[in-house]
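Everything below concerns the one structure shown next.
Since every read-out is calculated from the coordinates, none of them should be taken as a lab result. Note that this is a predicted model, so its numbers are computed, not measured. Heads up, the Cβs are rebuilt from the backbone with ideal geometry, glycines too, and the neighbour counts pull from every protein chain shown.
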Amino acid sequence: MPSTTLIDPLEYAGNQRAKFPPPTFGEQWESGAISQGKWTGIPLKDILTLAKIHRKAEVIFIGADAGTRDDMNSLFYYARSLPLHKAMHPDTIIAYEYNGSPLPLKRGFPFRLIVPQWYAMASVKWLKYIIVTDQPFTGPFQSIDYVYYPHPNNDEGKMPITTMNVNSLIQFPLPYSLHRVGTISVTGIAWTGEGVIQKVEVSVDNG
């Protein structure tokens, strides 16, 4: 089966969580919970095409990592799902190499789902099972955690987090660093899940 290679950024959904208004439960990340690498793997659509799945299917991915939760009585494996149109995206792959070498353990060895344009929680590590279903997936990492709640006081209108929002990171100068008076070059990166970054503006007074 033919493979493909793509360069894809992965941003943790909790990146800059420490700045979220109102405060949000979880690891209080500042900036920088993002990486980019070269992934090589098999397009998921090729596998699903061979399986001849139904058009209204949803695809569930289960990793080998498991743990306990306060809201569950038994061990639970990390699992997420994709709608069929995203699973069939040409850049959604089952990766087995990272930066030209076999996938490291911490990156998801032996196989990792890579979902382009979406936050990294969708790119399931240590992939163990792929399940096709015709029912909506309601696992806790899809319906409780990694969920956008538009109303802080109730669950009305909640939806799973998917596409990365526009974001940026100043890499130089570092926060609170001291510099001589004069011209300072500001450098960094900007990214988005969909669309193209056309311009970056820098403010020194929160304007």
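Cβ-to-Cβ counts within 10 Å put 148, 96, 119 in ascending order as 148, 96, 119, the fewest first.
Rounded to 0.05, the FRET efficiency of the residue 71 and residue 183 pair, given R0 = 41 Å and the Cβ-Cβ distance, is 0.15. Taking 19 Å as the cut-off, the amide N atoms of region 13-38 that come nearer than this to a point 7 Å along the Cα-to-beta-carbon line of residue 97 belong to 36-38. Once semi-axes √(5λ) of the Cα gyration tensor in Å is calculated for the structure shown, the corresponding label among [x] 36, 23, 18; [y] 25, 20, 19; [z] 33, 23, 16 turns out to be [z].
As a proxy for reagent exposure, ranking 39, 29 by other Cβ atoms within 10 Å from fewest up yields 29, 39. What you get for the chain, charging only the Cβ of Lys and Arg (+1) and of Asp and Glu (-1), is a dipole of about 480 debye around the Cα centre. Ordering 132, 204 from the fewest to the most neighbouring beta carbons within 10 Å gives 204, 132. So if we plug the beta-carbon distance of residue 192 and residue 31 into 1/(1 + (r/R0)^6) with R0 = 22 Å, what FRET efficiency do we get, rounded to 0.05? Computed FRET efficiency for residue 192 and residue 31: 0.85.
Remark: region 75-91, residue by residue, has Karplus-estimated 3J(HN,Hα) of 4, 10, 8, 5, 8, 9, 10, 10, x, 4, 5, 7, 4, 8, 4, x, 9 Hz, where x stands for each Gly or Pro and the curve is 6.51 cos²θ - 1.76 cosθ + 1.60 at θ = phi - 60°.
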